[in-house]
């Protein structure tokens, strides 16, 4: 009978040592892998089998959608797979949930809106702390359960519709909030009460002054490539800027920001503004 070579024995020992790590560490390791690679790891190792149905980080990146589309010649395959993974999830918690779907045709997202609604309902019921939802579909409406989720700490929304059912929402634990390619014109008098918010970002958004944000702990504000048809309004209504230490603006937003501060009577100097780190981007490829 052939005996393993010393080098092979070392590799096997190292592998076994990793497999003996606590479940939460194994879960964290799998969380760094693309979701399809995490699935392969579990299939190839019986020691990791119990981790898969209890994963706390489920991240579906663009290459996940491309790979399944190429394999099955349909854009709907990935949506079926995600639904199956979530329905088979047995753990009490999903801490992180990311869907990063980019496709030139938005009808796929529109036709699978029910699936996405169910994903978000499930993860918000499992204590989700981080949600990243990039859909490139201005026709998908964010369900109310996301803006009502008390466990959220980080929320990143890109290219979707937000038509809230209520006028005021409380997100008590959200520290990081990003909006990308979102039209706030439909918000009207929406108020977001985010007492723990530290980092706020708007990128390629429209009419963001319609958003009312109650947040007194914002340390970092990022506004890039945003626009408004109103010449006398730009930044979110009644937003407190006095706590901001880091400010990122593109050249267009800088002018609008200064004009808006001037109109509201906010002096661009201490103690009204206490910015310590100012980053100005003059184009999409050049920063200063």
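The values are calculated or read from the model by the stated rules, or taken from the named source; none is laboratory data. As the structure is a computational prediction, the values presented were derived from the model and not from experiment. Backbone-built Cβ (ideal geometry, glycine too); neighbour counts: all protein chains shown.
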- Query: Do any residues in the stretch 101-122 that are over 13 Å from residue 78 (Cα atoms) have Cβ atoms under 6 Å from those of residues that are modelled with pLDDT of 85 or more and assigned to a loop (DSSP other than H, G, I, E, B), where the two are at least six apart or on different chains, and which pairs are they?
  - Reply: 113/140; 117/143; 120/143
- Of the residues in the stretch 103-143, how many are over 24 Å from residue 51 (Cβ atoms), within 14 Å of the chain's Cα centre (by Cα) and part of a loop (DSSP other than H, G, I, E, B)? 3
- Mind checking whether some residue in the stretch 103-111 is in contact with a strand residue (DSSP E or B) (Cβ under 9 Å, 6 or more places away or on another chain), crowded, with 20+ Cβ neighbours inside 10 Å and within 30 Å of residue 194 (Cβ to Cβ)? no
- Specify the residue that is farthest from residue 127 (Cα to Cα); the eligible residues are those in the stretch 41-76 that are at pLDDT below 80 and not in a loop (DSSP other than H, G, I, E, B). 44
- Query: What is the residue count in the stretch 78-102 for residues that are surrounded by fewer than 16 Cβ atoms within 10 Å (Cβ to Cβ) and assigned to a helix (DSSP H, G or I)?
  - Reply: 3
- Message: Regarding the stretch 180-187, can at least one residue be identified that is out of contact with any helix residue (DSSP H, G or I) (no Cβ under 7 Å at 6 or more places or on another chain), within 14 Å of residue 155 (Cβ to Cβ), in contact (Cβ under 8 Å) with a residue 40 or more places away in the chain and not in a helix (DSSP H, G or I)?
- Response: yes
- Query: Does the stretch 19-28 contain at least one residue that is under 30 Å from residue 103 (Cα atoms), touching a helix residue (DSSP H, G or I) at 6+ places or on another chain (Cβ under 7 Å) and either surrounded by fewer than 16 Cβ atoms within 10 Å (Cβ to Cβ) or at pLDDT 75 or above (or both)?
  - Reply: no
- Residues of the stretch 159-171 being under 21 Å from residue 148 (Cβ atoms) and touching a strand residue (DSSP E or B) at 6+ places or on another chain (Cβ under 8 Å), which ones? 160, 161, 162, 163, 167, 168, 169, 170, 171
- Find the residue count for the stretch 154-171, including only residues that are crowded, with 17+ Cβ neighbours inside 10 Å and in a loop (DSSP other than H, G, I, E, B). 5
- Query: Do you know which of the residues in the stretch 226-238 that are touching a strand residue (DSSP E or B) at 6+ places or on another chain (Cβ under 7 Å) and surrounded by fewer than 18 Cβ atoms within 10 Å (Cβ to Cβ) is modelled with the highest pLDDT?
  - Reply: 227
